[in-house]
């Protein structure tokens, strides 16, 4: 199974081009780019920078939530709620509904909720670790996709009736393992099945329309030329959004 990036570093470490990242604005879509990789000088960093330049040139307005850079708190706990509905027993779902109604969620959560509400498209980029998203990104979903904001289970507002209906979402992911290993008959299983826990059980559950995922297999073993070809492929995909 895929494991964190330390295991995939091959000497000498490949350094891809760096572009200073800023929020870019234009007249196109509002795009929230949720980025979950700890090393800016990685291939993932180059993918993200390619997206910033490409989307900006196309006239889209982009905001970046760089989770490692801001040291995003990944643990959902009672500290997320400044005004508890039940101070004696912690029920996360109950407190989320109360927090969104009263505006009493912690400031970092409220800031991300504002970004999600603003966005027409959400792009989540991450390396596949243990065939799943990094814990810091899972924690972003746990804390930001609060009940009462993304779904209302009591009223049946999920899937086609989800509260984020009308928005689109996309996964951008790199793997350490090969495409063959993540094929339907591969040892790791079909990667589309692994990603469906995000594209279906999160994106579609809250009403968003998932776009085709962009996947780079075997990223840790690529040459510089192979990496450049993948960056060009990503640019082409972004240009067709």
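Structure above, values below:
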{"item": "Rule-of-thumb Rg ratio for segment 40-143 [Cα; 2.2 N^0.38 Å; N residues]", "result": "1.26"}
{"item": "On Cα atoms only, tilt of 135-144 relative to the major axis of the chain in degrees", "result": "30 degrees"}
{"item": "Order of 199, 209, 102 under a 10 Å beta carbon neighbour criterion, fewest first", "result": "102, 209, 199"}
{"item": "Between 0 and 90°, nearest 10: helix 107-118 axis offset from the chain longest Cα axis", "result": "70 degrees"}
{"item": "Cα-based Kirkwood hydrodynamic radius, the chain, one decimal, Å", "result": "18.8 Å"}
{"item": "Inverse of mean 1/r across different Cα pairs in segment 202-241, Kirkwood, Å", "result": "12.0 Å"}
{"item": "Between 0 and 90°, nearest 10: helix 224-239 axis offset from the chain longest Cα axis", "result": "50 degrees"}
{"item": "Longest to shortest principal axis, alpha-carbon extents of segment 105-241, angstrom", "result": "48, 30, 28"}
{"item": "Residues 72, 130, sorted so that the one with the fewest Cβ neighbours within 10 Å comes first", "result": "130, 72"}
{"item": "Rounded if a/c under 1.5, otherwise prolate or oblate - segment 148-213, Cα gyration tensor axes", "result": "prolate"}
{"item": "Candidates 101, 161, 115, ranked by Gaussian network fluctuation over the chain, Cα under 10 Å, top entry", "result": "101"}
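Any read-out appearing in this document is the output of simple, stated calculations on the displayed coordinates, not a laboratory observation. These figures come from a predicted structure and were not determined experimentally. Every residue, glycine among them, receives a Cβ derived from its backbone with ideal geometry; neighbour counts consider all protein chains shown.
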